[in-house]
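*Asks:* My structure is below; once you've seen it, I'll send some questions.
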Amino acid sequence: MTVVCLPDSHAVELLGPVPDGVRVVAWNGEADQPDGLAETTFWVPQVEDSTDLPGKFAAMPKLKVMQLLSAGVEDVAGHVPEGVQLCDARGVHGSSVAELVLALILASNRRLPHFLDAQRRGVWDLVQGEDLRDKRVLIIGAGDLGEQTARRLRSFDAEPVLVAHSARDGVHATAELPDLLPDADVVVLTLPLTSKTEGLVDAEFLASMPAGSLLVNVARGKIVDTDALVAELTSGRLRAALDVVEPEPLPEGHPLWSAPGVIITPHAAGDITQAGARAFALVNAQLRRYLAGEPLINVVEGDY
Ligand code: GLV
């Protein structure tokens, strides 16, 4: 008997049929533990709940697989016991995140916030925007999110330039950013938060972006130095579109709320109605791989 632990009964429904010999239990990580929890070998935790991980691992001493529902793993990586494979949800959120990136770029470049504002006031107030044709879009983070964003941008006749930690075919290294940034019309952040990427977008980075360019962050708020960004927005030199900020939720009265030229969405990129079904289709396929003794996909390894 293989015991699979899911966060709640809705997740159990989304998982759908499982092979014979699998028992599915639901546990939200709180004190009230279901029967059989201690036999769990395959665990899907609640999204973005990294509270008391040691306590949760202690409740599941036979655990072999921790399958996350998120693309980001920064709260968990480094805290997983020896012998447990950590897997992310690569492939689940790529289309929704890439689509929001396009929506944010188009909204900012076509000045939709200005027009909505004027509409609310009942004022016919024309300002010029710009289209994406021939625009150079630097995408920092060349995983699924970055590649899906690049593919969509090409259909708008923009010129995506992918950047990752190390260079590979068709991808530049972050070390090349000082040369790349001054030519960017848009910079999109789709990279993971790690000790190396925290604060990557600092005052110097922002100063290297050309006047009038746009920063889009759908990665993690901590990658950007918020004070430095607020200074650039306040001076009117840069625009930004932020789906992630630091801290989240952004507190009332925070200077980002009222900075000029910024669009803020509440970490909504992956939060679409289809996300649950897609995520649990991945979980179901991953569980079958595990049961068959096949290699798992999306395994997070090495330094994070
Ligand atoms: C969302 O932010 C994710 O990491 O999937």
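*Asks:* Can you tell me, using C-alpha contacts under 8 Å and at least 6 residues apart, the relative contact order of the chain as a whole percent?
*Replies:* 16
*Asks:* Rounded if a/c is under 1.5, else prolate if a/b beats b/c, else oblate: with a ≥ b ≥ c from the C-alpha gyration tensor eigenvalues square-rooted, which is the range 70-122?
*Replies:* prolate
*Asks:* Mind running the shape call on the range 55-96? Use the C-alpha gyration tensor, a ≥ b ≥ c as the square roots of the eigenvalues: rounded below 1.5 for a/c, prolate if a/b tops b/c, oblate otherwise.
*Replies:* It is prolate, given that a/c is not under 1.5 and a/b is the larger ratio.
*Asks:* Heads up, I need the accessible area for HIS114: 1.4 angstrom probe, whole protein in place, Å², nearest 10.
*Replies:* 60
*Asks:* With both partners inside the range 28-179, how many of the DSSP beta bridges are antiparallel, as a percent to the nearest 5? Walk me through the numbers before you get to the answer.
*Replies:* Numbers: 1 of 14 bridges.
Here the antiparallel bridges make up roughly 5 percent for the range 28-179.
*Asks:* Using only C-alpha atoms and all pairs of different ones, pull out the Kirkwood radius for the range 37-107 in Å with one decimal.
*Replies:* Computed over the range 37-107, the radius equals 13.6 Å.
*Asks:* Show me the three semi-axes of the equivalent ellipsoid for the chain, from the C-alpha gyration tensor (sqrt of 5 times each eigenvalue), largest first, rounded to whole Å.
*Replies:* Gyration-tensor ellipsoid for the chain: 39, 20, 18 Å.
*Asks:* Using only Cα atoms, find the angle between the long axis of helix 144-154 and the longest principal axis of the chain, and express it within 0 to 90 degrees, rounded to the nearest 10.
*Replies:* 40
*Asks:* Once the dipole of the range 94-264 is set up with Lys and Arg at +1 and Asp and Glu at -1 on Cβ about the Cα centre, which of ALA240, GLY129, LEU180 lies farthest towards its positive end?
*Replies:* GLY129
*Asks:* In addition: List the aspartates and glutamates whose Cα lies under 15 Å from the Cα of LYS135, skipping any in the same chain that are fewer than 8 positions away.
*Replies:* LYS135 reaches ASP157, GLU159, ASP183, ASP185.
*Asks:* Out of all DSSP beta bridges with both ends in the chain, state the antiparallel percent to the nearest 5.
*Replies:* 5
*Asks:* Here is a follow-up. Below 8 Å between Cα atoms, with a sequence gap of 6+, how large is the relative contact order for the range 94-264 in percent?
*Replies:* Once normalised by length, the contact order is 19 percent.
*Asks:* Using a 1.4 Å probe over the heavy atoms of the protein chains, calculate the carbon and sulfur portion of the accessible area of the range 94-264 as a whole percent.
*Replies:* Ligands and nucleic acids excluded, carbon and sulfur give 51 percent.
*Asks:* Also, I was wondering about something else. Using only Cα atoms, find the angle between the long axis of helix 275-291 and the longest principal axis of the chain, and express it within 0 to 90 degrees, rounded to the nearest 10.
*Replies:* 40
*Asks:* From Cα pairs below 8 angstrom and at least 6 apart in sequence, can you work out the relative contact order of the range 57-127, rounded to a whole percent?
*Replies:* After rounding, I find 25 percent.
*Asks:* Continuing with this model, one more query. Counting only trypsin sites (Lys or Arg not before Pro) that are in a DSSP loop and have at most 14 other C-beta atoms within 10 Å, tell me the longest site-free stretch of the chain.
*Replies:* In short, 197-304.
*Asks:* If r is the Cβ-Cβ distance from ALA203 to HIS165 and R0 is 22 Å, what FRET efficiency results, to the nearest 0.05?
*Replies:* 0.55
*Asks:* Another one. Which angle from 0 to 90°, rounded to the nearest 10, does the C-alpha axis of helix 112-121 make with the longest principal axis of the chain?
*Replies:* Result, in degrees: 80.
*Asks:* Go through the range 200-304 and name the GluC sites (Glu not before Pro) that are in a DSSP coil and have 10 or fewer other Cβ atoms within 10 Å of their Cβ.
*Replies:* Sparse-neighbourhood loop GluC sites (Glu not before Pro): GLU252, GLU301.
*Asks:* Expressed in nm to one decimal, what extension gain is obtained for the pair ASP183 and LEU126 from 0.36 nm per residue of sequence separation less their Cα-Cα distance?
*Replies:* 17.7 nm
*Asks:* Let me ask you something else. Mind checking the range 12-55 for chymotrypsin sites (Phe, Trp or Tyr not before Pro) that DSSP puts in a loop (not H, G, I, E or B) and that have at most 10 other Cβ atoms within 10 Å?
*Replies:* On the way: sites: TRP27, PHE42, TRP43; in loops: TRP27.
Sites meeting the loop and neighbour criteria: none at all.
The values are calculated or read from the model by the stated rules, or taken from the named source; none is laboratory data. In this text, all values refer to a predicted model and were calculated from it rather than measured experimentally. For neighbour counting, all protein chains shown are included, and Cβ atoms are generated from backbone atoms with ideal geometry for every residue, glycine included. In case anyone asks, the SASA skips ligands and DNA or RNA and just uses the protein heavy atoms, side chains included. Shrake-Rupley method; radii C 1.70, N 1.55, O 1.52, S 1.80 Å.
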